[in-house]
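The values are calculated or read from the model by the stated rules, or taken from the named source; none is laboratory data. Treat the numbers as computed from the prediction; the structure is a model and nothing was measured. FYI the Cβ positions are ideal-geometry reconstructions off the backbone, even for glycines, and counts take in every protein chain you see.
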Amino acid sequence: MSALVIGIDPGLGGALALLTSDGALVDLDDMPVLADGAAGRRAINAPLLAARVRAWGAGQAFCELVGPRPGEGAVGAFGFGRSRGIIEGTLGTLGVPVVMLAPAWWKRRVDIGPGADRKDEARSKAIARWPAMADKFARKRDDGRAEAALIGAAGLQREAAGR
């Protein structure tokens with residue numbers, strides 16, 4: 001495994017986090033999204049995602065395993081699935097192996113309580129873990145950054161445990 005890994009929160013409000021193999025947070029970037037999807041809908045832009053991943057040179061990625069959510073309509077579910085496909089396809093094309101981590105699994109590893117709406121808790125945990133980068137998690141909309149970084153940290157724990 002390369003000395004660098006990427007944590008990915010795959011939503012349109014998600015983000016990418018670059019970590020060293022010992023869990024130091026190196027860089028963060030919001031998910032590259034443009035309004036170039038069907039009917040002008042926002043979608044992950046694969047070329048911009050590929051450029052970021054290539055520039056970082058990581059040897060492994062950890063991404064939240066997403067699927068349809070209760071009460072979500074067909075358009076929303078399809079869009080979320082498309083996002084996952086773009087991420088997996090981009091990483092595969094670049095030769096970066098990706099491990100999908102179930103939300104409940106990675107959240108337990110970084111001590112986020114159960115329940116759907118724990119975005120502020122994720123920001124708080126990220127600030128506590130990486131205080132030198134606290135300004136990167138300061139805004140409410142920075143929850144994707146926090147989750148991406150914590151997904152990366154949980155993935156590193158998984159690798160250290162030999163799974």
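Quick one: in the stretch 138-152, which of the residues that are of a type outside the set (D, E, K, R) and crowded, with 23+ Cβ neighbours inside 10 Å is farthest from S124 (Cα to Cα)?
Looking only at the stretch 138-152, we keep the residues that are of a type outside the set (D, E, K, R), and these are 138, 144, 146, 148-152.
Okay, now just the ones that are also crowded, with 23+ Cβ neighbours inside 10 Å, so 144, 146, 148-152.
Numbers: G144: 12, A146: 8, A148: 13, A149: 12, L150: 11, I151: 14, G152: 16 Å.
My answer is G152.
For the subset of the stretch 6-34 comprising residues that are outside any strand (DSSP E or B) and closer than 18 Å to R54 by Cβ, which member is farthest from the chain's Cα centre (by Cα)?
Per the criteria, the residue is P32.
State whether one or more residues within the stretch 62-73 are at pLDDT below 95, buried (at least 17 other Cβ atoms within 10 Å of the Cβ) and over 14 Å from the mean Cα position of the chain (by Cα).
No: the stretch 62-73 contains no residue that is at pLDDT below 95, buried (at least 17 other Cβ atoms within 10 Å of the Cβ) and over 14 Å from the mean Cα position of the chain (by Cα).
For the stretch 147-161, how many residues are more than 9 Å from the chain's Cα centre (by Cα) and touching a residue at least 40 places away in the same chain (Cβ under 8 Å)?
Residues that pass the stated criteria total 7.
A quick yes/no check of all residues on (1) closer than 24 Å to V33 by Cβ; (2) among the aliphatic types (A, V, I, L, M); (3) surrounded by fewer than 17 Cβ atoms within 10 Å (Cβ to Cβ):
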{"residue": "G81", "(1), (2), (3)": "yes, no, yes"}
{"residue": "R84", "(1), (2), (3)": "yes, no, no"}
{"residue": "E88", "(1), (2), (3)": "yes, no, yes"}
{"residue": "T93", "(1), (2), (3)": "yes, no, yes"}
{"residue": "V99", "(1), (2), (3)": "yes, yes, yes"}
{"residue": "R108", "(1), (2), (3)": "no, no, yes"}
{"residue": "G113", "(1), (2), (3)": "no, no, yes"}
{"residue": "D120", "(1), (2), (3)": "yes, no, yes"}
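If I filter the stretch 87-100 for residues that are more than 23 Å from G57 (Cβ to Cβ) and out of contact with any Phe, Trp or Tyr (no Cβ under 7 Å at 6 or more places or on another chain), do I get at least one hit? Steps first, please.
If we filter the stretch 87-100 for residues that are more than 23 Å from G57 (Cβ to Cβ), which is where we start, we get none.
Within the stretch 87-100, none of the residues are more than 23 Å from G57 (Cβ to Cβ) and out of contact with any Phe, Trp or Tyr (no Cβ under 7 Å at 6 or more places or on another chain).
Quick check on my filter: what residues within the stretch 1-30 are under 12 Å from R145 (Cβ atoms) and among the acidic types (D, E)?
Hits for the stretch 1-30 are D9, D27, D29, D30.
Here are some residues: A50, A35, A15, A55. Which one is at pLDDT below 95 and either of a type in the set (A, V, I, L, M, F, W, C) or surrounded by fewer than 22 Cβ atoms within 10 Å (Cβ to Cβ) (or both)?
A35
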